[in-house]
Amino acid sequence: MRKSTAQSRSRVKAFLIIGLCLPVGAVLFLWLLTMPNVSALRATNPTVTALMEARQAQAEAQGHIVGRHWIWVPLSRISPYLSQAVVTAEDASFFTHEGFDWEGIKDAALYNLDAGKLKRGGSTITQQLAKNLYLSSERSLLRKARETLITRSLEHHLTKERILEVYLNVAEWGQGVYGAEAAARHHFKKSSHNLTADEAAWLAAILPSPRRYDPLRKTTALARRHDRILKRITRGSPQSPQLEPEPKSEPDSEPELEPDQHSAESPVQEQAGDYNESPTSR
């Protein structure tokens, strides 16, 4: 009798486990099937990003019309000052980690614990690119899991230079302003190739809150962040900035700079005096 009862319980447990695992497995299988084809980015530029679509949807819901200012340029046509400033400000360990900065994550967690709320995420440039390109702004474990898988895929399929190139070309730098070239023209009326160290530091400084500082408002908090970035990128030989890892920077604790965004091809032809265009793919 006891043996029969034990067997019945075992069967019930097995059915329950199977009943739970089958739908979960089916969801995971469908989820994996819908993962983006990251390897395509090795040779093709994205034509739109999830962040751009989200911003457009937000504007339409509010009855606004927001233009999209976007010109794709290769990394070689972006000022080395800007490349170095962004790496310094956003992800000092970019060239040495494999997609995740565990020290940065730990520091962010400790900061959030002290602050009593989630204010800093410790995301790397690769993680920010994954969110920018493919993900919504919702905060959930499922979205975080997708971000993790996409981040690993980006690091596996793309070189660090290509990841940085794509990031610099899709990052939000103002109201409807995306990418380094449009940002340079919008804020400084010049090409991204001609940005000075000072201008590059300002653009890197506003990345956590690009729409809040559009037009460029040089507040005290922003100026302090700019000065820290400028000091690091001009250390040594300011005339020849190097695209290499910088010492890990101290996290920016100023509340005014809380984020409001998710922060080898042939050259693209520009239209003189007009930068309201989308990128072309090779």
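No lab work stands behind these numbers, since they all come straight from the coordinates. Since this is a predicted model, take the numbers as computed values, not measurements. Glycine also receives a Cβ, built like all others from the backbone with ideal geometry; neighbour counts cover every protein chain displayed.
Spin-label pair Arg212-Lys144: with each label point 7 Å from Cα along the Cα-Cβ axis, the two points sit 2.3 nm from one another.
Of the GluC sites (Glu not before Pro) found in the range 130-209, the ones in coil according to DSSP and having at most 13 other Cβ atoms within 10 Å of their Cβ are Glu138. Extension gain, Arg77 to Ala43: 0.36 nm times the residue separation minus the Cα-Cα distance gives 10.5 nm. Extension gain, Arg224 to Glu53, is 58.3 nm, computed as 0.36 nm per intervening residue step minus the present C-alpha separation. With each label modelled as a point 7 angstrom along the Cα→C-beta vector, the Lys189-Gln175 pair spans 2.0 nm. Of the trypsin sites (Lys or Arg not before Pro) found in the range 133-203, those in coil by DSSP whose Cβ has at most 10 other Cβ atoms within 10 Å are Arg139, Lys189.
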